[in-house]
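For reference, the structure is listed below as structure tokens.
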Amino acid sequence: MSADPLKLARFQGPFHALMRVAIALTFISHGTMKHFGFPGVVPGEGPPAFPPLLSLAGTAGLLELVGGAMILFGLMVRPVAFLLSGMMAVAYWMVHAPNGFAPAINGGEAAYLYCFIFLFLAAAGAGPYSIDAARAGAKSKQ
């Protein structure tokens, strides 16, 4: 019997890109909420506060915007994803863990998942449908 009975391995590249794009778009929305109040605000937090750029929330929002865009387009994914993974680990331990260890209880599921998904992207790279892959292909042709 085949190791891939559904023959899904041929879709590995597109699925990798789809996951990278979906995660990046969702992550970017956290930065746009902090800095632009779009697509809305976190329920229960009132009108957007627009944190100062050099504050903890402002820096996090900037990393969400810029880092998320780089992940979206597949540019320098390994180092950016590693940085974002660390940022999400710090967010989890600073904000959520004091409310209990389990992510399902302390509201830290998103931070927890982003941390490990970005860690996966740091190890696996951007995948075939990315600026990184196009740059690697151009270098190999030289």
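Screening residue 73 with (1) free of Cβ contacts under 8 Å to residues at least 12 places away in the same chain; (2) surrounded by 15 or more Cβ atoms within 10 Å (Cβ to Cβ); (3) among the aromatic types (Phe, Trp, Tyr) gives one miss only, at (1). If you go through region 108-142 and keep only what is assigned to a loop (DSSP other than H, G, I, E, B) and surrounded by fewer than 14 Cβ atoms within 10 Å (Cβ to Cβ), you end up with just 142.
Here residue 37 meets the list (1) surrounded by 13 or more Cβ atoms within 10 Å (Cβ to Cβ); (2) under 18 Å from the mean Cα position of the chain (by Cα) almost entirely, failing just condition (2).
Does region 66-87 contain at least one residue that is part of a helix (DSSP H, G or I) and out of contact with any helix residue (DSSP H, G or I) (no Cβ under 9 Å at 6 or more places or on another chain)? Within region 66-87, not a single residue is part of a helix (DSSP H, G or I) and out of contact with any helix residue (DSSP H, G or I) (no Cβ under 9 Å at 6 or more places or on another chain). Only a single item in (1) crowded, with 16+ Cβ neighbours inside 10 Å; (2) among the small types (Gly, Ala, Ser); (3) out of contact with any Ser or Thr (no Cβ under 8 Å at 6 or more places or on another chain) is not met by residue 100, and it is number (1). Remark: pairs (first residue in region 124-138, touching a residue at least 24 places away in the same chain (Cβ under 8 Å) and closer than 12 Å to residue 17 by Cβ; second residue assigned to a helix (DSSP H, G or I) and charged (D, E, K, R); Cβ separation under 7 Å; 6+ apart in sequence or on different chains) = 125/78; 125/132; 126/20; 126/132; 127/20. Would you say residue 80 is modelled with pLDDT under 95 and among the β-branched types (Val, Ile, Thr)? Answer is no for this residue.
The values are calculated or read from the model by the stated rules, or taken from the named source; none is laboratory data. Keep in mind the model is a prediction, meaning the values are calculated, not measured. Cβ coordinates were reconstructed from backbone atoms using ideal geometry, including for glycine residues, and neighbour counts include every protein chain displayed.
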